[in-house]
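K.L.:
A single structure is presented below for examination.
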Amino acid sequence: NAASIRPGASPGAISVNNFTQLTNGTLYLEVGGTAAGSQFDTLTVAGTASLEGGLDTTLINGYSPGPDREFLVVPTASVIGTFNRYSGLNAGASIEFQPLITSTGVVLHTAFSTGPTLTNMTPSGVVAGALSVFTARFSEPILPDSISAADLTLTSPTGQVALAYASVSGSRVDFYFP
C-alpha cells in the first residue's frame with residue numbers, strides 16, 4: 001500500500017485483516033482526546049501490520065495532551081518493520097508524541113519535549129582577542145521569542161561576560177557582545 005490512509009471521519013476507526021504500508025505510503029492520524037475511535041484515530045489490524053513509509057499526526061478539537069499519555073493507534077497481532085518518517089509529533093505546550101513500535105502495535109506516547117540540541121558553536125575553543133558575536137547552531141529551528149541573551153552565560157578568565165542581545169534565524173542564534 002503506497003496510499004494515504006486516514007481512518008474514519010475525524011476521528012474514526014478502520015479494521016482490517018492484514019496491513020502493509022510501503023515507503024511511499026502515509027498513515028494520517030488525528031488525536032482529539034483519549035477515547036479510541038471516537039476521539040483519536042485507530043487502525044486495528046487482526047493479523048500482521050507491515051510498516052514502512054510515514055506516520056503523520058495531527059491534533060484536533062483544541063486537544064492538548066499532557067505528559068505520559070498513551071494512544072494505542074494501531075492495535076495488531078504482530079508488527080514487522082517501522083515507519084521511515086514522522087511528522088506532526090509536536091503536541092504543543094512542550095509536549096511531543098513519541099511513537100513506540102511494539103510487537104503488538106503502535107503507541108503514541110506523550111512526553112515533555114527534549115527540544116533542540118546544540119550542534120555547533122562558532123568560535124569554539126580558546127579565543128584570543130575581542131569578539132563581537134558568538135554563533136550557536138541547533139538541531140532544529142528556534143522560535144525567536146524562546147531565547148534571549150540572558151539565557152547564555154559565558155565565562156572569561158576575568159569573570160562572566162555580558163551579552164547585549166540575541167538574533168535568531170532558523171536554527172542559528174547569534175549572540176552579540178556590547
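K.L.:
Only one of (1) surrounded by 15 or more Cβ atoms within 10 Å (Cβ to Cβ); (2) in contact with a Ser or Thr (Cβ under 6 Å, 6 or more places away or on another chain); (3) not polar (S, T, N, Q) fails for residue 93. Which number is that?
P.N.:
(1)
K.L.:
Let me ask another. Which of the residues spanning region 137-152 are of a type outside the set (Val, Ile, Thr), in contact with a Ser or Thr (Cβ under 8 Å, 6 or more places away or on another chain) and surrounded by 15 or more Cβ atoms within 10 Å (Cβ to Cβ)? Lay out the reasoning, then the answer.
P.N.:
Restricting attention to region 137-152, the residues satisfying the condition of being of a type outside the set (Val, Ile, Thr) are 137-141, 143-146, 148-152.
Add one more test, that the residue is in contact with a Ser or Thr (Cβ under 8 Å, 6 or more places away or on another chain), and what stays is 137-141.
Listed by number, the residues that qualify are 137, 138.
K.L.:
Kindly indicate the residue of region 53-73 that is assigned to a strand (DSSP E or B) and closer than 16 Å to residue 95 by Cβ and also most open to solvent (accessible area, probe 1.4 Å) among those meeting that condition.
P.N.:
By that ranking, first place goes to 70.
K.L.:
From the list 114, 122, 110, which residue is hydroxyl-bearing (Ser, Thr, Tyr), open to solvent by less than 80 Å² (accessible area, probe 1.4 Å) and closer than 30 Å to residue 26 by Cβ?
P.N.:
110
K.L.:
Which of the residues that make up region 21-43 are among the β-branched types (Val, Ile, Thr), touching a Ser or Thr at 6+ places or on another chain (Cβ under 8 Å) and more than 16 Å from residue 70 (Cα to Cα)?
P.N.:
Once the filter is applied, which keeps residues that are among the β-branched types (Val, Ile, Thr), touching a Ser or Thr at 6+ places or on another chain (Cβ under 8 Å) and more than 16 Å from residue 70 (Cα to Cα), region 21-43 yields only 26.
K.L.:
What number of residues within region 153-172 are within 17 Å of residue 119 (Cβ to Cβ) and open to solvent by 50 Å² or more (accessible area, probe 1.4 Å)?
P.N.:
Looking only at that region, the number is 2.
The values are calculated or read from the model by the stated rules, or taken from the named source; none is laboratory data. Not measured: the values here are computed from a predicted model. Every residue, glycine among them, receives a Cβ derived from its backbone with ideal geometry; neighbour counts consider all protein chains shown. Areas reflect the complete protein model, heavy atoms only, side chains present, ligands, DNA and RNA absent. Shrake-Rupley method; radii C 1.70, N 1.55, O 1.52, S 1.80 Å.
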